[in-house]
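Below: one structure, written as structure tokens.
The values are calculated or read from the model by the stated rules, or taken from the named source; none is laboratory data. Every value quoted in this text rests on a predicted model; they were computed, and no experiment measured them. Positions of Cβ are backbone-derived with ideal geometry, glycine not excepted, and every protein chain shown enters the neighbour counts. SASA here: full protein model, heavy atoms, side chains in, ligands and nucleic acids out. Shrake-Rupley method; radii C 1.70, N 1.55, O 1.52, S 1.80 Å.
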Amino acid sequence: MGEHEQTQMEELEALEAIYPNELEILNRTYPNISVVVNLDSHIDGEECEEGEEFEIELKVDLTANYPDEVPNISLGGMEERLSESRIQKLTEELRRVAEENLGMPLVFTVISHLQEQIGHIVNESANEKEEALRAAERREEEEAQKKFEGTRVTVESFLVWKAKFDAELAALKADEVKAREAALAGRLTGRQLFLRDTTLNISDIALIEQSGANDVEVNESLFEDEELDALDLSDSDED
């Protein structure tokens, strides 16, 4: 067994003892030893708020020349919580830690550094969530404010509105005139009826003649009066 293989096997046994529940060995055959360490978001044993729990998956693939060569390191499980650029930045940070510890078993050191960063990750996630809520509240306030402000009036927009308003007002007045004329057409005045019906032009005399009452009987008794006999009407007749 070569030196590199022996070092890797010994480190693998040590990791199994330190992380009995967190460590998963994907391949324990040299030179393709591969492990995954699942770290939860609990900080110093404290429970996260409901809905804030998450797991970080650290995958380490050892190369044939490890520990004299930086292993392949990748992170998973945080895609919904951190941006891709933030995950990439954290991965590069872990690789730098590995470079600083070349020549000795370093997987434990990398895992420890990641555990230290979990607190920052939790805080970043909480801050991002809080900022998203504040942004949503600001948008709601802006939308509500727009309802009270209405549309800003300019000279151009006022002229457009004025032209539209005048056209609508003229159309409304025209409709009112038509409605009034239609209502009056059903009930004409006496003068309108007289002008429209020529049969109404017949005078009272013509109506009497048409009735055949040419001889009008006069009741002379209505005119008999003693006082009338006393009147001297001869002079008046002569005058």
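For this structure, a couple of remarks:
- Counted residues, the stretch 53-97 - those being buried (at least 16 other Cβ atoms within 10 Å of the Cβ) and touching a residue at least 40 places away in the same chain (Cβ under 8 Å): 10
- Taking the stretch 119-157 as the range and being surrounded by 10 or more Cβ atoms within 10 Å (Cβ to Cβ) and hydroxyl-bearing (S, T, Y) as the test, the residues that pass are S125, S157.
To keep it simple, each residue is scored yes or no on (1) within 17 Å of L58 (Cβ to Cβ); (2) in contact with a Pro (Cβ under 9 Å, 6 or more places away or on another chain); (3) aliphatic (A, V, I, L, M).
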site	(1), (2), (3)
R81	yes, no, no
N101	yes, yes, no
L106	yes, yes, yes
T109	yes, no, no
E128	no, no, no
R134	no, no, no
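- For the stretch 98-118, the condition holds for at least one residue, the condition being that it is open to solvent by less than 40 Å² (accessible area, probe 1.4 Å), in contact with a Ser or Thr (Cβ under 7 Å, 6 or more places away or on another chain) and in a helix (DSSP H, G or I).
- Subset of the stretch 87-115 [closer than 20 Å to E16 by Cα and not polar (S, T, N, Q)]: A98, M104, P105, L106, V107, F108, V110, I111, H113, L114
For every residue, the table says whether it meets (1) at pLDDT 90 or above; (2) over 30 Å from A132 (Cβ atoms); (3) over 49 Å from the mean Cα position of the chain (by Cα).
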{"residue": "L15", "(1), (2), (3)": "yes, yes, yes"}
{"residue": "N27", "(1), (2), (3)": "yes, yes, yes"}
{"residue": "P31", "(1), (2), (3)": "yes, yes, yes"}
{"residue": "D44", "(1), (2), (3)": "no, no, no"}
{"residue": "V70", "(1), (2), (3)": "yes, yes, yes"}
{"residue": "I73", "(1), (2), (3)": "yes, no, no"}
{"residue": "S83", "(1), (2), (3)": "no, no, no"}
{"residue": "V110", "(1), (2), (3)": "yes, yes, no"}
